Amino acid sequence: MKLFVVRHGETAWSRERRFTGAHDIPLAAAGVAQAEAIAHALAGEQLAAVYASPLDRTRTTADIIAKPHRLSVQIDSDLREMAFGRWEGRIREDVAREEPELWRTWREAPPALTAHGGETVSDVAARVDAFVARVGERHGGQSVVVVTHAVVIRLLVLGALGLGPERLWSVDASPAGITELELGAEWSTVHRMNTLSHLGATS
């Protein structure tokens, strides 16, 4: 199975480097243009399905990508972003200044973060694994687009590489980036990682 893993386009909060998490923030105008650029980049692929998290920013991105293929977007709640509890809506630099110990945990040992009032990385990793198993059963040998969020994308890539969530910061996931994974029964390959060349003047 080949997965084209896409992070949703830019939002006002992603531009401001705010924790978005479970908040349902829509795409900015630039994010819509980025989604259209992704759709153009993937228009020549033979896609069996397009999946997205339930949040507006991913559903809108996925709808734009799916349109050339005449596919309906399938919503899967396991693809939603990590819930960041009381950090949601806050700028990263403010969290680092106001809660330095928790911030240090997040940056140095992300699976150990538990006191922010949200999900743990391990919670998210469990549902990402469940999604991969479920979609693998449905789409063996096919190509699928998955439109989701930064933490989910990092965990998908780490899983393909056989690495654990403690390596979360080894992987990047920019707005509108495309990552291509090939997942097999015996092996997996990362064919491209967080590519942005398709954005051109929209970035």
Over region 49-77, the set of residues in contact with a strand residue (DSSP E or B) (Cβ under 9 Å, 6 or more places away or on another chain) and of a type in the set (Asp, Glu) is Asp63, Asp76
Pairing a residue in region 118-143 that is in contact (Cβ under 8 Å) with a residue 40 or more places away in the chain with any residue that is charged (D, E, K, R) and not in a loop (DSSP other than H, G, I, E, B), where Cβ atoms lie under 6 Å and the two sit 6 or more apart in sequence or on different chains, gives Arg127/Asp78; Ala130/Asp78; Phe131/Asp78; Ser143/Lys2
State yes or no: is Val171 under 19 Å from Arg17 (Cα atoms), modelled with pLDDT of 95 or more, touching an Asp or Glu at 6+ places or on another chain (Cβ under 7 Å) and among the aliphatic types (A, V, I, L, M)? no
Screening Ser203, Ser143 for residues that are at pLDDT below 95, more than 23 Å from Ala22 (Cα to Cα) and surrounded by 13 or more Cβ atoms within 10 Å (Cβ to Cβ) leaves only Ser203
Within region 150-193, residues crowded, with 19+ Cβ neighbours inside 10 Å, free of Cβ contacts under 8 Å to residues at least 24 places away in the same chain and not in a loop (DSSP other than H, G, I, E, B) come out as Arg154, Leu158
* Test: residue in region 84-96 that is under 14 Å from the mean Cα position of the chain (by Cα) and outside any loop (DSSP other than H, G, I, E, B) -> no
Here, strands (runs of 3 or more DSSP E) confined to region 1-81 with at least 1 residues that are under 13 Å from the mean Cα position of the chain (by Cα) and small (Gly, Ala, Ser) are 47-52
Considering region 99-113, residues that are part of a loop (DSSP other than H, G, I, E, B) and within 21 Å of the chain's Cα centre (by Cα), and then whichever is nearest to Thr11 (Cα to Cα), we arrive at Leu113
When Ala30 is run through (1) crowded, with 23+ Cβ neighbours inside 10 Å; (2) in contact with an Asp or Glu (Cβ under 7 Å, 6 or more places away or on another chain), the failure sits at (1)
Screening Gly164, Gly177, Gly141 for residues that are more than 16 Å from Asp129 (Cα to Cα) and out of contact with any Ser or Thr (no Cβ under 8 Å at 6 or more places or on another chain) leaves only Gly141
Residue count, region 58-98, condition under 21 Å from Arg15 (Cβ atoms) and either touching a Cys at 6+ places or on another chain (Cβ under 6 Å) or among the polar types (S, T, N, Q) (or both), comes to 3
Per the filter on region 117-149, residues among the polar types (S, T, N, Q) and part of a helix (DSSP H, G or I) are Ser122
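The values are calculated or read from the model by the stated rules, or taken from the named source; none is laboratory data. From a predicted model like this one, the values you see are computed outputs, not experimental measurements. Don't worry about glycine lacking a Cβ; one is built from the backbone with ideal geometry, like all the others, and counts go over all protein chains shown.
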